[in-house]
Structures are given as structure tokens and as C-alpha cells.
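Visitor: Mind having a look at this structure? Questions to follow.
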Amino acid sequence: MIDKLSQLKTVAETELNAVTDTRRLEEWRVRYLGKKSAIMQALRELSSLSLEERRKAGALANEVKDAFESSYKQKLEGIKQAELELATAAKALDVTLPGQPESLGRLHPTTQAMREVCQVFTSLGFETVEGPEVEWDYYNFEALNIPKGHPARDMWATLWVDFADPEKQRSMLMRTHTSPMQIRTMEKRRPPVRLIMPGKTYRYEATDVRHEWMFHQVEGLAIDKNITMADLKGTLFEFARRMFGADRKARFRCDYFPFVEPGVEVAIDCFICKGQGCRLCSGSGWIEILGAGMVHPDVLRRMDCDPAVYSGFAFGMGVERIPMLRYGIEDIRHFYGNDLRFLKQFWGF
Amino acid sequence: MTLPRDDLARRLAQAGLEAGSVEIIGGQWDKIQVGHVTEVKPHPNADRLRLVTVALGDRMPTVVCGAPNVAVGQKIAFASVGAKLVDGHTGQPATLKPAKIRGVVSEGMVCSEKELGLSGDHTGILVLPADAPVGAALADLLGDTIFDIEVTPNRPDCLSVIGIAREVSALTSQPLHLPQIAYKEGREQVSGLASVDVVDPDLCPRYCAGVITNVKIGPSPEWLQRRLQAGGMRPINNVVDITNYVMLEHGQPLHAFDYAKLTDRKIVVRRARQGESLTSLDGVERPLNCEMLVIADSRRPVALAGVMGGANSEVSEATTAVLLESANFKRESVRETAAALNMRSEASARFEKGLSPELPVPALRRAMQLMVELAGGEAASGIIDVYPGKRERPPILFPASETKRLLGMELPVEKIKSVLESLGFGVEMAAPAQMSVNVPWWRTDVSQGADLVEEVARIVGYDQIPTTIMDAPIPPLEPSPLLSMKRTLTDLLVAAGMQEVITYSLISLEGLKRTTPDLDLPGPKPVRVSNPMSREHEYLRTSLRPRLLFHIAQNQRFEEGIKLFEIGHVYYPRHSDLPQEVETLCGAMWGLKQEMSWRTKPMPADFYDAKGALDAALVRLGVEAKYVKAEDVGLRSGACADIVVRGLKIGVIGEVHPKVVENFDAAGPVFLFEIDLEKLLPHAGTGVEYKPLPRFPATVRDMALVVDLGVQYQSIVDIVQDFPLVSRVALFDVYSGEQVPRGKKSLAFRIWYQSPDHTLTDEEVNGVQQRMLSALESKLGAVLRA
Ligand SMILES: [Zn+2]
């Protein structure tokens, strides 16, 4: 019997070594530790042995049984660990696969720039006002010191709108700039005001890479007692820094717009070449970004503001120019061509 | 001039006179000098070439020359080896190299105008004036710098050399040198030779004239021709060149009439008569109207005032006496006449800007002087001066504090005074800090204090003005609900995956018509632009649809799925008023609703995707919209609904009619929504109604109903929601097919029942559901699905 037990131990342990999964391990357990297993059989048969043999064989049988149980436990742990590892590996994701696509909308680049401009001025206390795109000659020109026959009318090639006026007094047009909103708004407001007036504007103009007949402007107007050109410089300088970078320099030069006096042309130092001269700035180192000035006394009077008491400044700028400069867009006609391959490039801010 | 060229250009630009270009004539001429041709011999090996010996003072090189006009005794421009030239054939810059031409060594070159970069003329060599000093650098003789200055419309005085010189003088504190005007006057009085009658003084404030007899028409001297060319004008003959020269110098357009051709030696300034016409100098007969001012003799018009002369009184080779006109015409009149006849000229461009009525006299006298000096003429004594428009210009009272008030810059009174005086203003102190300023006659643009402030600022320099931030309290803001709604709506539609577009406001009639299946005009006849750039952009749009559909079609070549929207104005005509501009939203969808993916099958967008995107935006605006089956001429019947809020229609949604899609050469189906934002506005953002959280649990029941195919979801939900305790209803399945009878469909709902004050029992819920089912059955014929 002792020989049998020793042999059993050898065979069982060899078999156990070959086991790799829980099913086989269970089969092994039943075979070597189950009720019908050889070892159990042996333990049951002990009573038929002599006392001496029983003592020896009993000790050996218990020893073999204990060894089997401990090997079993050890093996079970090992297999469970291996299976867990296998299962984990099977569940691992390819994290580089694309996620579920969401459709992506974007703002039109003009809207993005417009919002950015308005945001800067909003933070400086300016209120946003909008108005009509089809205008009377009065608001677009006459009230801005540009009467009929005035030479400055050439500065704004105009798209006129059919209008049969029985009195032949009024003519209608597509506004050539946002400046009529200065007059319109001040018909309803009293100073102090700080206003920005964004919107579409139109010109009678053949289109090319730099010219478009429909474009957007933002007009600004501030009227109060004691507003000076120094304030205009400060406000526009602040705008230039926030839009184009904190290290921007601004240049103010004399220019002419009939509804301001003195008039100003504002340029910033080129943010590509830092003023050294490059293609973007046509070698000058400066980029003109807007026209401005102190509100003309005649215009103030038309706004029912006494020019001896009140003063103010106004400015106007093109909006498309901002993304064109910033992103190097070569052709303004892309804006309203609405090719998605163009529009999709502008993520928004 | 003491200032370097670039500094001068910069100072002028700061002062409002920007040089669009600065052209330097002779900047490259360091190896070119004046030579004297001493000998011309035939080339031994070539018929067309000659050997030319040129005296330069210190040496006498011989060169090979092909020019036909070279001759002994000429002064010419000689280029030595290494000179930078323009290639006479290619027009490209080139450096002169030593050359052997047909066996003869050429030690330089005699230059043409083209080779010097003076003009495109390469027919012969440039012949210099006989008194040109031999050996002198050509740059000293012909070199020049041309500032091409962009003059703003308020400064017609700067459309002249003298005007710019005045500015430079003020900017550089250098004295101004004006031409000395003096000439010998003949014995004959001008009043005996001609008369001027200004019939329409409203259009002609001043008319001056002089007469010169015994003129000899011929070419102008070289220097005058060069200066004209530098000023962009073509030399013609001495008389015409003098009028142009004085115009460039003084800014006053002049006109020379052939004195002999003026009937009765009379000038009449009057409006044209009905039926009159005039053949202008360019040979075109121009019909005139009664608003046009003409210069006439006693019989007929001889010129269009301020615009162009007439052929019938033109100075010609045969002319021996001229009447010189130097006048002032009303700017609006010149502008209208020039525009009506499409005849913009150098003269009209100046008159249109409003010249000073004081300018004609000095300009006329200067021209008379040059006629005497350069055309051999004899000036009649005196000038004719008819000045019905004379106006006094009162001085401007100008407190020194105005510069501080408007510029924010403290300037001493003395500084202000000296700046103004440097520009020719007369300044007297009316009180210690109060100036009385007389405006010089040439400054037609200055009439009040603000103008003087600009004068001071631009001469001192805008860069000297300090930079400050407005420190007054921020004015109160008025709320703008439309603006904020538009902004939010835009963001929400973008968040719903739609691309914002901005499209042209003008469109063709055909474009609008394409939005209906039978190409009818939708809505009222649109407002028209009087001078459209093209038929494509002729009418103010009454709908955003056509451009959106156009852009869908245009992008279909490159995309699998497109979702666009625009928020913009449409324009409806109004009687004798500006069009009504209505803020409108339009959205359109076509193709795959999402990009291709490995997880989900490609699904085309449909009506419910359009509705979902719109509804998501509306819900976030606090608007609950109902969709009511409707018809729209541009949308497919049966796939179209009105969008209704609180009983009012605010827009439509539906599938674009297949024929409309075809009209735009697009692929379908396209789904579209359109909302009048001004109708939406009163309902948007109308506040949040807070409810406390429920304290008792909800009971959830599912219920599948079988109804006729024609029964609408909304009618079921309306009934269900009407029952007490129903807190929420969700539709989770719609089915029609084999599992339900023909002509029927099944809708599966999940319904949440909840009470604010107790936990519901099954009996309560069953009771409600029972009543609900019988209501659904009696009103809609609905039965529970087995
Ligand atoms: Zn640059």
C-alpha cells in the first residue's frame, strides 16, 4: 500500500503539472481528491490493515492527501491569475480608434472676427446697436457732411436703390458704410454715449482678390463732455493691443473723412515682420486698420449736441480684413463664396 | 530742401499728404554723363551702324551706335561701361558691359530715353539741350524726384506744386519761394479786345480772361516738357503746355481759346440751351442739357465750363492770338456735367473739389507771363475780371483752449499761433487766450475752430498727442434682446452641428424664382438696385432660401453631408419708405447626418434631423414650438409644417420640393427650416419657472397603442398630457407592418405618473390609465396593442 501511495503521488503530480485550465483542474481534483479517488479509497481501506501498517500507511496517506490539497490550491491560484490576465488582455481597447463623430458646426469667420471686435469694445463700456442696410441718402451722406455734389462722394462708390419719390427729395441706397448709424442712433439718444454699430455695407465695386461689393464694418461713436483725441488714441490703441497682440505699436496720421475733424488714419506695426517690412504690409512695416477722428461740429449739431459743450470721437473699420491679415487669406471673395473647404478651416475662438 | 527724401515723405504723410509712390529719376545714373558728339563715321562692317566719337571733357571714347538720329554737334547722354541701364529691347534692367560689335570695340553707349528709364521711346537717342555742360553728370541735368501724392478731396489747393510747397514750408520751417510774376503788357487794353458776360453767376462765381496776340505756336522748351511729363501730362504745343503747366503749378485749370474763332470776340457764360450740342476736343459731339454750364461766344458754345474745350475754338498751328480763360465754376455743376457726359478731366477733377475764387487771377497772370516768355506773345494790357460771387470770409474766433479740449494736449498760445502762421493763416490776439484767425484764400476747407485744431495737430504731429483712457463713468447700456437672441441662436445652431454661412443680400429675379417648383416669384416683387453690377446681384432678397440652396448644390461635389444656416436680413418693399428689413433664420440639410464612422451605419439626414436641430435650439431659448401640418409653395406637400408658438406661426419646416432642388442643380432630398426672428423674439427667453423637486416617486408604465396611419402623434400626446398625474410622456417606438393590421400603426409610449403629495398606488395609476385609454379610443379610435 505504501508503494501504491508513493506511485500515486508521482503520477498525480505529473498530471497536475500538465493542467492549464480550471476544467482540467476540476477533473484532476475529482480524480485525486474526490470521494472515489485512490487516496480516499486508501484512507477508507486503512481499517483492514494491521496496526503497525495502519499507522505507517495512515500517516503517508494523510501526508499525500495534504500535499494534493496544497498543490491543488496552488494550481488553482495560478490558473485563475492566468485566466484573469487573458480576460483583461481580451478586453483591452484600441484607444487610437476614432471616437463617435459629432457633427461640428462653426461660426462664419466674419462672425468670429465681428464678435471679437465687439467684445473688446463691450469690455470698454461700449453698447452694440444695429440698423438698416438700405438707407436714405440723408443718413448715409448728407447728415455726414457729404451733400449732393460733394467731391468726397467719390470715396464711396454707391449702389443706388430704385425709389420713385414724388417730391424728388429723397434717394435710397445700400449703405456704403456703417456711419449712418451714428446719426440714426443719436436721433434717439443723448450723450454720454459709447456705441459700436456693426453691420453689412455695400459698394458699387468690381470684385477682385482685395475688393468685394458686400462686406462688414464696425462703427464706433463716443460722445461726452471732455472727450479728446487723446482718448481716441487711448481707446484705439487698447483695441489694437487686444486684437493684434500686447506688443503692438499704433500709428496715428492725419486723414480726411468729411464727418470728422480732425481726421485720423490708424495703422499698427506689422505683426508678421514687426515693422521691418514684408509682403503683408507691402514693405512699409505698417498696416492700416481703420479710419477715425473727432466728430465734426456740424455732425454734432445735427445730433442735437452743442459742439461747444460736447465732443466725441468716431471710428470705422472693415471686419474681413482682420481674419485676412491674421490667417493670410489671399482672396476676400472666399468669404461669401461659402465653400465649406474654406469655412471649415476657421474653428472660432 | 534740407530734409532727406524719406523723412520728407513721412512728414507729409503724417500731415495728411501721403505719397502713394516716390519715383527717383536718375537714381541709378552714376556712370552716365553729358557728351558732345564730335564725329560720326560709317561702321566698316555694317551698313546700319556708325562709329560715334564723343567728347566728355577728359576723354573722347568712340562707340558703335545704331540710332538713326545721331549727328555731329549733338549733346547726348553717354553711358560708360558699368552703367545701370534699361535694356532697349527687353525693358529689363541691365549693366553695360564692354562690347565688340562687328569687329569694332565699343567703349560705352549713347542712350535712348528708354535705356535711361525716362520713357518707352527707343526710336533714337536722347538729344539734350545745346547748352548742357559737357562731362556733367546726367543726374544733375535731368535727375528728379517725383512724389505722387494722394490728395484728399478736401485739399484741392494741394493739387498743385505751390500747394505742396506751402505744406513743406510749414512742416520744415523753410521759407517758401513763389514764382515772381511780372511781364510786359502791350499798349492795347484787353477791354478793347474782348468782353465777358456772366449770365449765370450762380454757377460761375468768377471769370477772368486775358488776351495774347502774336503768339507763335510751336513746341515748348525742353524743361517745360519734362516737368509736364513728370506731372503725368503729355506735351502738345507751347500754348496748351503753358495752361497745363500753370495748372500743375498753381492748381487752377486754364483754357486757351483761339481768339480769332470767337464770334464777336465775346465770352458768354451761360447754361446750355435746349438742343445745343458741342463737339469736344476729342472729336465727339456731345448733346447738352439746360443744367450744363457752357462758355459761349455770341453765337454758340465754345467750351463746357470746367470740363473740356470745344473743337470749334481749339488752338491750332494757325493760331496767332489766344484768349486765356481762368475762372471759378461751382463744383457741383462741373461734377454733374462731367458725370453726365462721362468726361472726367484733370480740369474737372480740380473744379469738382471746389477751388478758391481768388486763384484765377494769379494763375492767369502767371500764364500770361509764360506766354510772353515762351510763345513770343504780346500781352494785352490788364485782364478782364468778372467776379459776381465775391464773398467776405470773416475771421474765426479761436480760443487757445480748443486744442486742449479737442486734442487733450496742452500747447502754448505762441506755438499755436506760429503753426497757423507757418501755413499762411493770419493770427491776431483778440484777448489773451483768444485768437482771431484769418484763413488764407487758398484754404477753402477751413471754416471753423475744429478745422484749425486739425491744422495745429497735423503740423505738430499726431504722434505728439498723448494717449489716455476715457475716465468718465460708463454710460448706461440699453438692453438689446434681438441682438442677444441672435447671438444665442447662432451658438445653439452651431452646437447642433450646423455651419454658419453669410451670403450676398442681392440676388437675381431668377434666383428667387428658382425657390418655387414652377419658377413663380415667391412673395412680393423685390426692391431693385438702380445700378446693379450684374443681373446676378440686382434685387434685394426676399428670402434666404435661394442662396442657401445654391451653396448646398455648390458644396455637394466635395461633401457627404451638409448642414448650413444663415441669420440675415430679407427686404420687403414698402410704400414710399425704406424696405422693411426682417431678421430671418434659414437652415438647410442634405446628405449624411454625421461623418462616416466604424460604429454606426451612414444615415442620411431627414425631416426629423432638421426638426431636432431646430427644436434643440428653440428649447434652449425657452420656446416650445408646435409643428402643424401645412403647405408651402417651395416645400414638398406632405412633408411640410408650420412652426407655431402660442398659436402664432413663426416659420416653416419641410423637405424642399424636388423640382426646386432640381432648379438649383442640387441633389435631394434637402430639408429646410425658416423662421422670422422678430416673430420669435417675444417668446424667447421668457423666464424660467422653477418647480421644487418631487418628493414622491414616479410610477412608470409603458403603453403601445394601435391607431389609423393618419392619426398624428401630437393628437395622442395632447390627450395623454391632459390627464392628471401624468408628469412625462416619451415615445419610444413607431411601427407599421405585419404585426399590426393594414392601414394601422403602433406607437409605444412610456408614461410617468407622479403626485406632488403622496406615493401613488397601483389602483390610482390604473384608474387614470383606464380613463386615458377610453378617451384615446373614443377620440382617436386607439386600442391597446395586444
Ligand atoms: Zn510686414
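Visitor: Being of a type in the set (D, E, K, R) and either within 27 Å of B:HIS250 (Cα to Cα) or within 14 Å of chain A (Cβ to nearest Cβ) (or both) is the filter here, so list the residues in segment B:422-450 that pass it.
Guide: The answer is B:ARG443, B:ASP445.
Visitor: Give the residue that is surrounded by the most Cβ atoms within 10 Å (Cβ to Cβ), with candidates limited to residues of segment A:215-252 that are part of a loop (DSSP other than H, G, I, E, B) and within 10 Å of another protein chain (Cβ to nearest Cβ). Can you show your working first?
Guide: Residues of segment A:215-252 part of a loop (DSSP other than H, G, I, E, B): A:225-228, A:245-249.
Applying the additional criterion that residues be within 10 Å of another protein chain (Cβ to nearest Cβ) yields A:225-228.
On the way: A:LYS225: 12, A:ASN226: 15, A:ILE227: 25, A:THR228: 23.
If we take residues in segment A:215-252 being part of a loop (DSSP other than H, G, I, E, B) and within 10 Å of another protein chain (Cβ to nearest Cβ), then A:ILE227 is surrounded by the most Cβ atoms within 10 Å (Cβ to Cβ).
Visitor: Quick check, is A:GLY263 open to solvent by less than 10 Å² (accessible area, probe 1.4 Å), within 30 Å of B:ALA9 (Cβ to Cβ) and touching a strand residue (DSSP E or B) at 6+ places or on another chain (Cβ under 8 Å)?
Guide: It is true that A:GLY263 is open to solvent by less than 10 Å² (accessible area, probe 1.4 Å), within 30 Å of B:ALA9 (Cβ to Cβ) and touching a strand residue (DSSP E or B) at 6+ places or on another chain (Cβ under 8 Å).
Visitor: So which pairs qualify, if the first residue must be in segment A:256-277 and without any contact (Cβ under 8 Å) to a residue 24 or more places away in the chain, the second must be more than 8 Å from the ligand (Cβ to nearest atom) and among the charged types (D, E, K, R), the Cβ gap must be under 6 Å, and the two must be at least 6 apart or on different chains?
Guide: If the second residue must be more than 8 Å from the ligand (Cβ to nearest atom) and among the charged types (D, E, K, R), the pairs left are A:ALA267/A:ARG251; A:ALA267/A:GLU288; A:ASP269/A:LYS249.
Visitor: Please return the ranges of strands (runs of 3 or more DSSP E) entirely within segment A:255-335 where 1 or more residues are away from the ligand (no atom under 16 Å from the Cβ) and of a type in the set (S, T, N, Q).
Guide: Per the criteria, A:311-318.
Visitor: Report yes if some residue within segment B:448-462 is in contact with a His (Cβ under 7 Å, 6 or more places away or on another chain) and over 30 Å from B:ILE295 (Cβ atoms); otherwise report no.
Guide: yes
Visitor: For segment A:266-298, which positions are small (Gly, Ala, Ser) and either buried (at least 24 other Cβ atoms within 10 Å of the Cβ) or touching a helix residue (DSSP H, G or I) at 6+ places or on another chain (Cβ under 6 Å) (or both)? Steps first, answer last, please.
Guide: Looking only at segment A:266-298, we keep the residues that are small (Gly, Ala, Ser), and these are A:267, A:275, A:277, A:282-285, A:291-293.
Of everything in segment A:266-298, those that are small (Gly, Ala, Ser) and either buried (at least 24 other Cβ atoms within 10 Å of the Cβ) or touching a helix residue (DSSP H, G or I) at 6+ places or on another chain (Cβ under 6 Å) (or both) turn out to be A:ALA292, A:GLY293.
Visitor: Here is a list: A:LEU84, A:LEU33. Which entry is more than 14 Å from A:GLU13 (Cα to Cα) and either at pLDDT 80 or above or in contact with a Pro (Cβ under 6 Å, 6 or more places away or on another chain) (or both)?
Guide: A:LEU84
Yes/no per residue for (1) of a type in the set (Phe, Trp, Tyr); (2) in contact (Cβ under 8 Å) with a residue 12 or more places away in the chain:
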residue: B:GLU538; (1), (2): no, yes
residue: B:LYS563; (1), (2): no, yes
residue: B:GLN580; (1), (2): no, no
residue: B:TYR608; (1), (2): yes, no
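Visitor: Starting from segment B:140-158, take each residue that is of a type in the set (A, V, I, L, M) and list its partners that are assigned to a helix (DSSP H, G or I), counting only C-beta distances under 6 angstrom and pairs at least six apart or across chains.
Guide: B:ILE146/B:ALA230; B:VAL151/B:CYS158
Visitor: Would you call B:LEU585 of a type in the set (A, V, I, L, M), open to solvent by less than 30 Å² (accessible area, probe 1.4 Å), touching a helix residue (DSSP H, G or I) at 6+ places or on another chain (Cβ under 8 Å) and more than 10 Å from chain A (Cβ to nearest Cβ)?
Guide: Judged against the criteria, B:LEU585 is a match.
Visitor: Please verify whether B:VAL501 is among the hydrophobic types (A, V, I, L, M, F, W, C) and out of contact with any helix residue (DSSP H, G or I) (no Cβ under 8 Å at 6 or more places or on another chain), treating the condition exactly as stated.
Guide: no
Visitor: Any residue at all in segment B:584-593 that is in contact (Cβ under 8 Å) with a residue 24 or more places away in the chain and in a loop (DSSP other than H, G, I, E, B)?
Guide: We begin by selecting, within segment B:584-593, every residue in contact (Cβ under 8 Å) with a residue 24 or more places away in the chain; these are B:584-593.
Now restrict to residues that are in a loop (DSSP other than H, G, I, E, B): B:593.
Yes, segment B:584-593 contains at least one residue that is in contact (Cβ under 8 Å) with a residue 24 or more places away in the chain and in a loop (DSSP other than H, G, I, E, B).
Visitor: Examine segment A:192-214 for a residue that is open to solvent by 10 Å² or more (accessible area, probe 1.4 Å), touching a strand residue (DSSP E or B) at 6+ places or on another chain (Cβ under 6 Å), outside any strand (DSSP E or B) and facing another protein chain (nearest Cβ under 8 Å), and state whether such a residue exists.
Guide: Yes, that holds for at least one residue.
Visitor: Ok, one more. Out of the residues in segment A:303-332 that are within 11 Å of chain B (Cβ to nearest Cβ) and in contact (Cβ under 8 Å) with a residue 24 or more places away in the chain, state the one that is farthest from the chain's Cα centre (by Cα). Reasoning before the result, please.
Guide: To start, the set of residues in segment A:303-332 that are within 11 Å of chain B (Cβ to nearest Cβ) comprises A:307-313, A:319-320.
So of that shortlist, the ones also in contact (Cβ under 8 Å) with a residue 24 or more places away in the chain come out as A:309-313, A:319-320.
Values: A:VAL309: 45, A:TYR310: 42, A:SER311: 40, A:GLY312: 36, A:PHE313: 33, A:VAL319: 19, A:GLU320: 19 Å.
That would be A:VAL309.
Visitor: Another question, then. For segment B:539-573, give me each residue that is open to solvent by 20 Å² or more (accessible area, probe 1.4 Å), more than 10 Å from every other protein chain (Cβ to nearest Cβ) and farther than 26 Å from B:PRO604 by Cβ.
Guide: Passing the criteria: only B:TYR572.
Visitor: How about segment B:616-695: which strands (runs of 3 or more DSSP E) wholly inside it have at least 3 residues that are closer than 20 Å to B:GLN712 by Cβ? Full working, then the answer.
Guide: Details: elements: B:626-629, B:635-645, B:648-656, B:670-676.
Result: B:626-629, B:635-645, B:648-656.
Visitor: Before we move on, is B:TRP598 surrounded by 21 or more Cβ atoms within 10 Å (Cβ to Cβ) and among the aromatic types (Phe, Trp, Tyr)?
Guide: Details: surrounded by 21 or more Cβ atoms within 10 Å (Cβ to Cβ): no; among the aromatic types (Phe, Trp, Tyr): yes.
Considered against the rule, which asks whether it is surrounded by 21 or more Cβ atoms within 10 Å (Cβ to Cβ) and among the aromatic types (Phe, Trp, Tyr), B:TRP598 comes out as no.
Visitor: Ok, one more. What residue, of B:VAL322, B:VAL361, is surrounded by fewer than 19 Cβ atoms within 10 Å (Cβ to Cβ) and over 23 Å from B:MET292 (Cβ atoms)?
Guide: B:VAL361
Visitor: Return a yes/no flag: does segment A:83-101 have any residue that is free of Cβ contacts under 8 Å to residues at least 24 places away in the same chain, open to solvent by 20 Å² or more (accessible area, probe 1.4 Å), within 7 Å of chain B (Cβ to nearest Cβ) and not in a loop (DSSP other than H, G, I, E, B).
Guide: The answer is no, given that none of the residues of segment A:83-101 is free of Cβ contacts under 8 Å to residues at least 24 places away in the same chain, open to solvent by 20 Å² or more (accessible area, probe 1.4 Å), within 7 Å of chain B (Cβ to nearest Cβ) and not in a loop (DSSP other than H, G, I, E, B).
Visitor: Does segment A:232-241 include one or more residues that are under 17 Å from A:VAL120 (Cβ atoms), in contact with a helix residue (DSSP H, G or I) (Cβ under 6 Å, 6 or more places away or on another chain), more than 13 Å from the ligand (Cβ to nearest atom) and of a type in the set (Val, Ile, Thr)?
Guide: Looking for residues that are under 17 Å from A:VAL120 (Cβ atoms), in contact with a helix residue (DSSP H, G or I) (Cβ under 6 Å, 6 or more places away or on another chain), more than 13 Å from the ligand (Cβ to nearest atom) and of a type in the set (Val, Ile, Thr), one finds none in segment A:232-241, hence no.
Visitor: Considering each residue of segment B:102-130, count those that are touching a strand residue (DSSP E or B) at 6+ places or on another chain (Cβ under 8 Å) and open to solvent by 60 Å² or more (accessible area, probe 1.4 Å), and give that number.
Guide: 4
Visitor: Within the bounds of segment B:395-409, is there any residue that is without any contact (Cβ under 8 Å) to a residue 24 or more places away in the chain and not aromatic (Phe, Trp, Tyr)?
Guide: yes
Visitor: Go through segment A:299-316 residue by residue and tally those that are open to solvent by less than 10 Å² (accessible area, probe 1.4 Å) and either of a type outside the set (Gly, Ala, Ser) or farther than 26 Å from A:VAL120 by Cα (or both).
Guide: Number satisfying all stated conditions: 6.
Quick grid of which residues meet (1) assigned to a loop (DSSP other than H, G, I, E, B); (2) under 44 Å from the mean Cα position of the chain (by Cα):
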site: B:LYS114; (1), (2): yes, yes
site: B:LEU118; (1), (2): yes, yes
site: B:ASP121; (1), (2): yes, yes
site: B:ALA132; (1), (2): yes, no
site: B:ASP140; (1), (2): no, yes
site: B:THR152; (1), (2): yes, yes
site: B:ILE162; (1), (2): no, yes
site: B:HIS177; (1), (2): yes, yes
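Visitor: Can you find, within segment A:109-138, the residue that is farthest from the other protein chains (Cβ to nearest Cβ) among those that are farther than 17 Å from A:THR201 by Cα, open to solvent by less than 20 Å² (accessible area, probe 1.4 Å) and part of a loop (DSSP other than H, G, I, E, B)?
Guide: Here the answer is A:PHE126.
The values are calculated or read from the model by the stated rules, or taken from the named source; none is laboratory data. Keep in mind the model is a prediction, meaning the values are calculated, not measured. Positions of Cβ are backbone-derived with ideal geometry, glycine not excepted, and every protein chain shown enters the neighbour counts. In case anyone asks, the SASA skips ligands and DNA or RNA and just uses the protein heavy atoms, side chains included. Shrake-Rupley method; radii C 1.70, N 1.55, O 1.52, S 1.80 Å.
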